[in-house]
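What follows is a set of notes on a single structure, which appears directly below.
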Number of protein chains: 2
Amino acid sequence: LTKAARRSDEPARVEQLIGSFLTGQSGSAVGPPEGPGVLLLAGADSKDDCAVFEVSDRTCVVVGSDYVRGPKFALYEMGLLSNFDVGYYLAIANISDVAAMGAAPIGMLSVVRYPREMSDSEFYEVMAGIHQGCTDCGTLIVGGDIGGAERLILSGSALGVVDRDKLLLRRGAHSGDLLCVTGPCGVLGAAVAYFPRRNEIEQGLSPETEAKLLHSWKRPRARVAEGRALATKPFATACQDSSDGLKATIEQICEASGVGFDVEESAVPIAGEVRAVAEAIGVNQFTLAMSASSDFQLVFTLDPSDLNACRDLFRSLGLVFHVIGQATRSGMARAVAPDGTARPLPGVAWKHQQSNISTLVVDGGG
Amino acid sequence: LTKAARRSDEPARVEQLIGSFLTGQSGSAVGPPEGPGVLLLAGADSKDDCAVFEVSDRTCVVVGSDYVRGPKFALYEMGLLSNFDVGYYLAIANISDVAAMGAAPIGMLSVVRYPREMSDSEFYEVMAGIHQGCTDCGTLIVGGDIGGAERLILSGSALGVVDRDKLLLRRGAHSGDLLCVTGPCGVLGAAVAYFPRRNEIEQGLSPETEAKLLHSWKRPRARVAEGRALATKPFATACQDSSDGLKATIEQICEASGVGFDVEESAVPIAGEVRAVAEAIGVNQFTLAMSASSDFQLVFTLDPSDLNACRDLFRSLGLVFHVIGQATRSGMARAVAPDGTARPLPGVAWKHQQSNISTLVVDGGG
């Protein structure tokens, strides 16, 4: 390809093409010279789930944006997800980014542009889904943009607040820290791997398993309570949501923190639905659990000396997490089998430019 | 139409369909119970250009989102605007909303999703345009969402800060206040009215006039300095950007403030390009200047006793504004001709669901 026609993937575009626009932001003063001082603690160069502004002594506002596919959102196009469901998903995808910073959500802006043929009742369903997603996270639709477009377009931004000393970032993990996750990953990805090829599979899954797979898309959960709990001391030394899949999330914390990780294969929680899909489509269940999937779990690291206190706090709040590995000095993210052999983390990381299901690039829809 | 198939326009959808999701927000506490208090001073029910959070004593963060058409952005599709231009426009459209609140911009989140066939260099041009728009307003791209989609999608959110006592809202105009605007309106709308039918027009416009019309789209200006100046005392009792066109903007301030306005036809500044287009396509120039057009001027009201001080401040900063009318107790926005006769404001307000140029619904592209 000539230079003019080259089409790099998303990470390359961010790093190589527009990196110069984003570099050196974090730590700079961005407020008006005569007004209240505003510090950009984490800008685009920080590559966290949200940008972070310290707007007054210790109070930080975090804000992130997530676009969600409407059309081309495979399960929506198949009629398996409703307008309400995609609205709900939009809210959770955005609020999850706030949760990953340890922040409490304070509002969401929703961008909903719809085609001429979308009726009032269909439009209402999308908005009702966004509203319910916000309500379930204790927050509000405070603004956004509504109007026509040639097809349904869904995007949003969510805001939250957190004390500067409790802010959770992707960087901060140290060698020896425990690697943890709030629950099983890969469920949403498994659903996208399964439903489009359901008719080609000899033995389909049970109605209960199919319902669980769909429910993961219909009513995802933003880990707001978990994020706030991790921010109490703060316990977490690094944190990120798993919306790109567990492999990609671990590798991103790895890079941001400058550590490696040894992930104990046998310690990674795998949902029954993921096991069932892995068997049905003939892929390894651990690989499927690690692959691209926007589950919105929190992946975080803990100093081992905080493990018991953090576990007690989670238990007292009715929450759980799983220790799945440990940070190392290797600089590499590895999977360690029960027999002690190590290999690079399996699984297919999210790439926006690829969505061919046959290569097990599980398109998260986000 | 049956209820299920009904398709209302945007204002009806916001008011009647989803109003219950948005009502009663403004003035509510939205922060975490144990954390710093956060007050939602202006939520979606306030219908201002941005939502406003008071995040600490007196410091407010304002945030708004604007979607911009890529495809279906008429002049872009005609090849008259470049990828850089639409990126630049996206930044200005978003930052303008911050300016209208009297706030200083502190950052922008840009959502850029692109089709598979978009090359690296085309993508770079879009991002370079956004970056330049931010830079020209003294701010940064602090985050957002980049990735694939089936066609180009551009959306954004901009944030700003302002002292609570200097915040500018749409409500606040009183009977007797002067109605003002920072410059001529209708230029962008005139461009959209002209170029698609240029070949049907017997006598085309001069290259200089065409260049001015295009420049209004290529390098729009967010009135950040003007907004900050209006917020100094604050001078403005109400303020809004003119991105829906002058008629719609005046009517929105009218409704939000519970006043009427008498607009002096002869006092409304009309750009030479707008006069030329009006003549070429055979519409009234005042009507064209009032119609839908995303010029990003600020429309505001002033207590008459502040007129001289505000004018002096603007002059000292190299800025201008025009007094075009006065707030009344009539509750109606009227145009007053030189002979004293009054009529409802002419012009066609923005409606997202209509874009047939032949009815002079000038589609602003936003």
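The values are calculated or read from the model by the stated rules, or taken from the named source; none is laboratory data. All of these numbers come straight from a predicted model, not from anything done at the bench. As a convention, Cβ positions derive from the backbone with ideal geometry for all residues, glycine included, and neighbour counts pool all protein chains shown. Ligands, DNA and RNA are stripped out before the accessible areas are found, and what is left, the full protein with its side chains, is counted by its heavy atoms. Shrake-Rupley method; radii C 1.70, N 1.55, O 1.52, S 1.80 Å.
Observations, loosely collected:
- Pairs with Cβ under 7 Å, 6+ apart, first in the stretch A:89-100 and within 18 Å of A:Ala229 (Cα to Cα), second among the β-branched types (Val, Ile, Thr) and at pLDDT 95 or above: A:Ile95/A:Thr139; A:Ile95/A:Val224; A:Val98/A:Val62; A:Ala99/A:Val224
- Residue within the stretch A:69-89 that is among the aliphatic types (A, V, I, L, M), more than 10 Å from chain B (Cβ to nearest Cβ) and in contact with a strand residue (DSSP E or B) (Cβ under 8 Å, 6 or more places away or on another chain) present: yes
- Condition check for B:Ser155: of a type in the set (Ser, Thr, Tyr), open to solvent by less than 30 Å² (accessible area, probe 1.4 Å), more than 30 Å from B:Ser330 (Cβ to Cβ) and within 11 Å of chain A (Cβ to nearest Cβ): yes
- The number of residues in the stretch B:191-205 that are open to solvent by less than 50 Å² (accessible area, probe 1.4 Å) and at pLDDT 90 or above comes to 6.
- All conditions in (1) farther than 22 Å from A:Ser293 by Cα; (2) aliphatic (A, V, I, L, M); (3) more than 7 Å from chain B (Cβ to nearest Cβ) hold for A:Met127, with the sole exception of (3).
- Looking at the stretch B:9-68, the strands (runs of 3 or more DSSP E) lying wholly inside it that each contain 2 or more residues that are open to solvent by less than 10 Å² (accessible area, probe 1.4 Å) and closer than 19 Å to A:Val162 by Cβ sit at B:51-56, B:59-68.
- Looking across the stretch B:206-222 at every residue that is part of a loop (DSSP other than H, G, I, E, B) and open to solvent by less than 30 Å² (accessible area, probe 1.4 Å), the one that is farthest from B:Val283 (Cα to Cα) is identified as B:Ala222.
- Selected residue (only one of A:Asp163, A:Asp145 is free of Cβ contacts under 8 Å to residues at least 60 places away in the same chain and open to solvent by 10 Å² or more (accessible area, probe 1.4 Å)): A:Asp145
- Set A:Ala238, A:Ala267: member being of a type in the set (A, V, I, L, M), open to solvent by less than 40 Å² (accessible area, probe 1.4 Å) and in contact with a Lys or Arg (Cβ under 6 Å, 6 or more places away or on another chain): A:Ala238
- For the stretch A:15-34, the set of residues classified as of a type outside the set (Gly, Ala, Ser), more than 7 Å from chain B (Cβ to nearest Cβ) and over 24 Å from the mean Cα position of the chain (by Cα) consists of A:Pro33, A:Glu34, listed by residue number.
- Among the residues listed as A:Asp177, A:Asp163, the single one being more than 20 Å from the chain's Cα centre (by Cα), farther than 30 Å from B:Asp9 by Cβ and either at pLDDT below 95 or at the interface with another protein chain (Cβ under 7 Å from one of its Cβ atoms) (or both): A:Asp163
- Members of the stretch B:230-249 that are under 12 Å from B:Cys185 (Cα atoms) and of a type in the set (Lys, Arg): B:Lys247
- The test for being touching a Phe, Trp or Tyr at 6+ places or on another chain (Cβ under 8 Å), open to solvent by less than 10 Å² (accessible area, probe 1.4 Å), more than 19 Å from B:Gly143 (Cβ to Cβ) and not in a loop (DSSP other than H, G, I, E, B) holds for A:Gly133.
- Checked against (1) of a type outside the set (A, V, I, L, M, F, W, C); (2) open to solvent by 30 Å² or more (accessible area, probe 1.4 Å); (3) touching a helix residue (DSSP H, G or I) at 6+ places or on another chain (Cβ under 9 Å); (4) facing chain B (nearest Cβ under 7 Å), A:Glu150 passes all but condition (3).
- Checked against (1) more than 22 Å from B:Gly172 (Cβ to Cβ); (2) in contact with a Phe, Trp or Tyr (Cβ under 8 Å, 6 or more places away or on another chain); (3) outside any strand (DSSP E or B), B:Asp306 passes all but condition (1).
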